[in-house]
Amino acid sequence: MTHEPPEAPDVVPDPWHGRAVRDDLNAALPPDFAAFYHLHVRAYLRYADLQLGSAEEAEKAVEDFFCAMSARWPQVLTEPSVPGWAWAAFKQDVARRVAARGRGPALVETAAFAALRDYSRATMETLDSSLGLYEAVAALPERLYDVVVLCCVLGLKQQRVAELMGISYPTVRSHLRTARRRIARDINYTRYLESEEDHDEPG
């Protein structure tokens with residue numbers, strides 16, 4: 001029996017909701033690049049905002065990245081997975097910006113971390129240590145971390161996360177299950193491990 005997971009609480013605002021984002025690209029750049037941009041830009045902005053803790057810095061990071069990618073778009077199109085390549089490259093760029101500030105990602109300092117705590121309470125009942133939860137999430141392998149942040153913090157549907165990361169929907173489901181098990185193990189939440197069920201979204 002499968003169950004739909006609880007929605008991530010709506011405490012992570014989307015500063016770009018309802019705003020047109022660089023519609024001028026439609027005329028200035030190749031149609032396939034403009035389509036890719038419009039499909040993914042808001043998720044990129046929200047992810048960067050989560051890591052950098054500033055909408056202004058997020059907009060700068062995303063604009064710089066897409067400008068650089070537009071210059072090598074024909075080469076990008078030869079990649080086995082354009083979304084997968086772009087996501088990996090963008091994350092590296094954001095990580096460099098975080099490192100240059102001399103501090104960790106802003107996730108734990110923002111309302112976004114409250115969303116992660118609340119989501120975890122809904123799936124694992126109560127947790128003793130918010131810091132322990134953050135450390136457990138931060139220690140996840142890169143792909144698992146991305147899936148947890150995108151699904152549980154930003155509240156994206158699993159199918160949307162698959163499109164964004166350039167991986168399959170079953171892979172996202174598997175990553176999310178594995179991440180939840182690892183987090184439960186790392187915070188020593190044995191009751192969750194003993195009673196875990198498969199909380200997939202309906203197809």
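Could you list all residues from segment 142-178 that are at pLDDT below 90, in a helix (DSSP H, G or I) and of a type in the set (A, V, I, L, M, F, W, C)?
Val148, Val149, Cys151, Cys152, Val153
Sort out which residues of segment 34-57 are crowded, with 20+ Cβ neighbours inside 10 Å and polar (S, T, N, Q), and write them in order of number.
Answer for segment 34-57, where residues must be crowded, with 20+ Cβ neighbours inside 10 Å and polar (S, T, N, Q): just Gln51.
Based on this model, can you work out whether Phe90 counts as at pLDDT 90 or above, assigned to a helix (DSSP H, G or I), touching a helix residue (DSSP H, G or I) at 6+ places or on another chain (Cβ under 6 Å) and farther than 19 Å from Tyr145 by Cα?
no
The values are calculated or read from the model by the stated rules, or taken from the named source; none is laboratory data. None of the values given here were measured: they were computed from a predicted structure. Neighbour counts are summed over all protein chains in view; Cβ atoms, including those assigned to glycine, are modelled from backbone coordinates with ideal geometry.
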